[in-house]
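Contents: one structure, followed by commentary.
The values are calculated or read from the model by the stated rules, or taken from the named source; none is laboratory data. From a predicted model like this one, the values you see are computed outputs, not experimental measurements. In this analysis, Cβ positions are derived from the backbone assuming ideal geometry, glycine residues included, and neighbour counts consider all displayed protein chains. These accessible areas exclude ligands, DNA and RNA; they are computed on the full protein's heavy atoms, side chains included. Shrake-Rupley method; radii C 1.70, N 1.55, O 1.52, S 1.80 Å.
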Amino acid sequence: MQLHFGPRALKDALISTNPALQELYAKAFSSTEKLFLSEAYNPQRTLFCTLLIRTAFDWLLSHPDAPEDFETFYHSMLTKKQSFCQKHIYLQPIGNKYIQNDLIEEPAGISLLDSLRSCLESFFLGLRVKCLPSVPVSSIRCCYRQSQDSDRAQLHADGILTFLKNNKPPDALCVLGLTLLDLYPCETWSFTFGKFLPGQVGVCSFARSLDSSFTSLNEAGLSKRRLWCKFGWLVSCHEICHLIGLGNCRWLQCIMQGALSLDEALLRPLEPCPVCLRKLQYVVGFKLIERYRVRYGPLSPLGAKGDWIFPGLPILKLRCIVLSPCIRLAVQFQEVF
């Protein structure tokens, strides 16, 4: 079942009906970038997909919140005291044997942490990502319990967040803890992929990526490391977007959708929808064209073939529409493709 909004609702969510925010939109983006973003409210869009509800247990049904448009986001940011003078995102591995030793690709020897850092620097273009030395779990005062659905131990996310907040570097925009230990946010939840304190610190877990069911979801035949990378990139980018002010998304298929299961998380794209992309650009300040060149160019951290990350997303079309200055009008876009 599809959950969709009409072209007018999507256009207003992206550009706003507020004249001041419309002017801000006009100044922030070039004509080519506006053409790309206008795909959000194009009824024949091919670059961005309508939301799908696949089961009765999907996140969209369990969280029937009103979607956040750019205008709501803009005004919420005015009330926050978060400073964006700091340009550093810090990654804090928790449990060095999990992050730095286990997740190594042979024979290249590239750790998941290095791959994740490159992905984040292209996603949040203009911000620098630094890795802190790993800390053992024993140095963090947090509660733990036995998992409700397996024999694994789970850490309470709040204790980790307190540790990260108390040890946040002074030049940090935010700090994201990374662990392959399972997390739970409260006693009534069986697990969580991540939790955060707005504007400060967050933590995400890759534990569920080690489940046997994880490999059974691998319809594309990806290597174990690529599956780990995809899941790690999805969860990390999602949590850091929360840390810099973005809420969950209900406009189009987007990395900022929530997820209640592993398969639901893996079905999210690794890119924001146009509404969330405008929010991200407002906070970070990158040029859209430059961001996509870095992410999908020859030296992209996503690899020469990005399609393994985006099932169903026409990467070639995305590259052409963003990178070709000659494609100026939607009519031309339809004629080319």
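Quick check: is even one residue across region 61-70 in a loop (DSSP other than H, G, I, E, B), modelled with pLDDT under 75 and not assigned by the TED database to the domain that holds Leu178?
Yes, some residue in region 61-70 is in a loop (DSSP other than H, G, I, E, B), modelled with pLDDT under 75 and not assigned by the TED database to the domain that holds Leu178.
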Suppose the filter is open to solvent by 20 Å² or more (accessible area, probe 1.4 Å), modelled with pLDDT under 65 and either aliphatic (A, V, I, L, M) or over 25 Å from Gly232 (Cβ atoms) (or both); does Phe337 pass it? yes
Considering residues of region 148-172 that are open to solvent by 10 Å² or more (accessible area, probe 1.4 Å) and touching a helix residue (DSSP H, G or I) at 6+ places or on another chain (Cβ under 9 Å) only, the residue modelled with the highest pLDDT: Phe163
Among the residues of region 161-175, count how many are among the hydrophobic types (A, V, I, L, M, F, W, C) and over 21 Å from the mean Cα position of the chain (by Cα). 1
Segments classed as helices (runs of 4 or more DSSP H), wholly inside region 1-44, with at least 1 members that are of a type in the set (A, V, I, L, M) and surrounded by fewer than 17 Cβ atoms within 10 Å (Cβ to Cβ): 7-15, 19-28
For region 262-294, which positions are within 30 Å of Lys80 (Cα to Cα), outside any loop (DSSP other than H, G, I, E, B) and either of a type in the set (Asp, Glu) or modelled with pLDDT under 80 (or both)? Ala265, Glu290
